[in-house]
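Colleague: Shown below is the structure under consideration.
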Amino acid sequence: MSQTNPIGLFDSGVGGTSIWKEIHALLPHENTIYLADSKHAPYGNKTAEEIIELSIKNTEYLLNKNCKIIVVACNTATTNAIDILRKKYDIPIIGIEPAIKPAALKTKTKSIGILATKGTLSSALFHNTAAEFAQDINIVEIIGEGLVPLIEQGKIHTPELTELLFKYTAPMIEASIDHLVLGCSHYPYLIPKLLTILPDNITIIDSGAAVARQTKSVLETNGILNTTEEKPTLEFLTNSDTKTLKMLLVAYAQSISCKKVDF
Ligand code: DGL
């Protein structure tokens with residue numbers, strides 16, 4: 001595998017662009033291909049079998065494009081399918097899962113909140129991590145029902161979405177959490193609104209930057225970090241309308257290509 005081969009990323013839709021941004025900031029010369037499976041979003045309410053099937057489909061699409069590493073830019077797909085993907089494919093596969101461990105280590109109130117999809121919160125991987133690192137911590141688990149479809153439609157700054165955030169954070173504030181873990185790659189786009197809703201003593205934790213650091217480290221260990229200084233090819237592919245993807249990537253409009261394809 002050559003170092004100039006692209007990094008492949010996939011998500012159930014546009015949310016994983018929050019992770020792509022961290023990776024691109026840390027590794028600006030890497031070629032990347034981002035696959036947004038928006039046609040099948042949200043993954044969060046699907047069965048584990050369905051999530052595994054979609055994750056395999058996305059991974060194979062990216063492998064056919066000669067990706068040197070796969071970043072599963074979706075907590076729901078990671079927590080349900082990453083073990084299977086790692087067994088099935090030879091190349092390195094990076095995932096993202098809710099950052100319970102750092103929140104459990106830092107909390108002073110011994111109470112943390114986690115906002116994620118049903119698929120993530122019901123996964124064995126999530127339960128095992130919680131059992132290992134947060135036994136003596138109160139975890140307020142809330143399913144962010146309805147958030148992903150609104151973000152997919154680009155309805156981020158809408159009263160409808162704000163209302164849902166008030167509803168989902170109220171029981172967390174009530175339970176005196178001091179850390180809110182964002183367990184879905186779509187949710188970093190909600191941080192500006194969450195900051196206006198949450199009391200100042202609550203810290204929001206999102207794993208995007210950690211995933212970027214992990215990606216860099218795995219590329220280095222495998223000797224496939226792109227050390228050239230050329231302008232990268234940054235490709236975004238969606239099986240739905242390109243509108244929201246383009247909106248979220250507007251700051252990169254001059255350097256990326258974004259198109260609709262069938263997969
Ligand atoms: N972006 C996703 C995640 O990180 C999936 C959300 C969904 O499709 O339900 O969990």
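The values are calculated or read from the model by the stated rules, or taken from the named source; none is laboratory data. Just so it is clear, the structure is predicted and the values come from calculations on it, not from any experiment. Note: ideal-geometry Cβ built from the backbone for every residue, glycine included; neighbour counts use all protein chains shown. These area figures cover heavy atoms from the full protein model, side chains too; ligands, DNA and RNA do not enter into them. Shrake-Rupley method; radii C 1.70, N 1.55, O 1.52, S 1.80 Å.
Colleague: Report yes if Thr129 is touching a helix residue (DSSP H, G or I) at 6+ places or on another chain (Cβ under 6 Å), open to solvent by less than 10 Å² (accessible area, probe 1.4 Å) and not in a loop (DSSP other than H, G, I, E, B), otherwise no.
Modeller: Answer is no for this residue.
Colleague: Can you tell me how many residues within the stretch 112-130 are at pLDDT below 95 and near the ligand (Cβ under 10 Å from one of its atoms)?
Modeller: Here the count works out to 0.
Colleague: Would you check if Thr120 is of a type outside the set (A, V, I, L, M), in contact (Cβ under 8 Å) with a residue 60 or more places away in the chain and in contact with a Phe, Trp or Tyr (Cβ under 6 Å, 6 or more places away or on another chain)?
Modeller: yes
Colleague: Further question: Between residues in the stretch 24-40 that are over 20 Å from Glu220 (Cβ atoms) and residues that are among the acidic types (Asp, Glu) and open to solvent by 10 Å² or more (accessible area, probe 1.4 Å), which pairs lie under 8 Å by C-beta distance while being six or more apart or on different chains?
Modeller: Pairs that qualify, where the first residue is over 20 Å from Glu220 (Cβ atoms) and the partner is among the acidic types (Asp, Glu) and open to solvent by 10 Å² or more (accessible area, probe 1.4 Å), are Ile33/Glu235; Tyr34/Glu235; Ser38/Glu152; Ser38/Asp241.
Colleague: Within the stretch 98-108, how many residues are in a helix (DSSP H, G or I) and more than 16 Å from the ligand (Cβ to nearest atom)?
Modeller: 6
Colleague: Next question. For the stretch 56-102, give me each residue that is of a type in the set (Asp, Glu) and under 18 Å from Gly15 (Cβ atoms).
Modeller: Glu97
Colleague: From the list Tyr189, Tyr168, exactly one residue is in contact (Cβ under 8 Å) with a residue 24 or more places away in the chain and within 11 Å of the ligand (Cβ to nearest atom). Which is it?
Modeller: Just one listed residue meets the conditions, Tyr189.
Colleague: Go through the stretch 132-141 and count every residue that is modelled with pLDDT of 95 or more and open to solvent by less than 30 Å² (accessible area, probe 1.4 Å).
Modeller: 2
Colleague: Ile177 - would you say it is of a type outside the set (Ser, Thr, Tyr) and either buried (at least 21 other Cβ atoms within 10 Å of the Cβ) or within 16 Å of the ligand (Cβ to nearest atom) (or both)?
Modeller: Against the criterion (of a type outside the set (Ser, Thr, Tyr) and either buried (at least 21 other Cβ atoms within 10 Å of the Cβ) or within 16 Å of the ligand (Cβ to nearest atom) (or both)), Ile177 qualifies.
Colleague: Considering each residue of the stretch 11-33, count those that are open to solvent by 30 Å² or more (accessible area, probe 1.4 Å) and among the hydrophobic types (A, V, I, L, M, F, W, C), and give that number.
Modeller: 2
Colleague: Would you say Lys68 is open to solvent by 50 Å² or more (accessible area, probe 1.4 Å) and either more than 12 Å from the ligand (Cβ to nearest atom) or within 21 Å of Asp37 (Cα to Cα) (or both)?
Modeller: Answer is no for this residue.
Colleague: Quick check on the stretch 74-97. Is at least one of its residues assigned to a helix (DSSP H, G or I), closer than 18 Å to Ile142 by Cα and open to solvent by 70 Å² or more (accessible area, probe 1.4 Å)?
Modeller: No, every residue in the stretch 74-97 fails to be assigned to a helix (DSSP H, G or I), closer than 18 Å to Ile142 by Cα and open to solvent by 70 Å² or more (accessible area, probe 1.4 Å).
Colleague: Take the conditions more than 14 Å from the ligand (Cβ to nearest atom), touching a residue at least 60 places away in the same chain (Cβ under 8 Å) and of a type in the set (A, V, I, L, M) and apply them to Ile91. Does it pass?
Modeller: Here the answer is yes, as Ile91 does meet what is asked.
Colleague: I would also like to ask the following. Would a scan of the stretch 54-65 turn up a residue that is assigned to a strand (DSSP E or B), crowded, with 24+ Cβ neighbours inside 10 Å, touching a residue at least 24 places away in the same chain (Cβ under 8 Å) and more than 12 Å from the ligand (Cβ to nearest atom)?
Modeller: Scanning the stretch 54-65 turns up no residue that is assigned to a strand (DSSP E or B), crowded, with 24+ Cβ neighbours inside 10 Å, touching a residue at least 24 places away in the same chain (Cβ under 8 Å) and more than 12 Å from the ligand (Cβ to nearest atom).
Colleague: Taking the residues in the stretch 151-174 that are under 26 Å from Ala209 (Cα atoms) and charged (D, E, K, R) as candidates, determine which candidate is most open to solvent (accessible area, probe 1.4 Å).
Modeller: Lys155
Colleague: Does Leu150 satisfy being assigned to a helix (DSSP H, G or I) and either touching a helix residue (DSSP H, G or I) at 6+ places or on another chain (Cβ under 7 Å) or in contact (Cβ under 8 Å) with a residue 60 or more places away in the chain (or both)?
Modeller: Judged against the criteria, Leu150 is a match.
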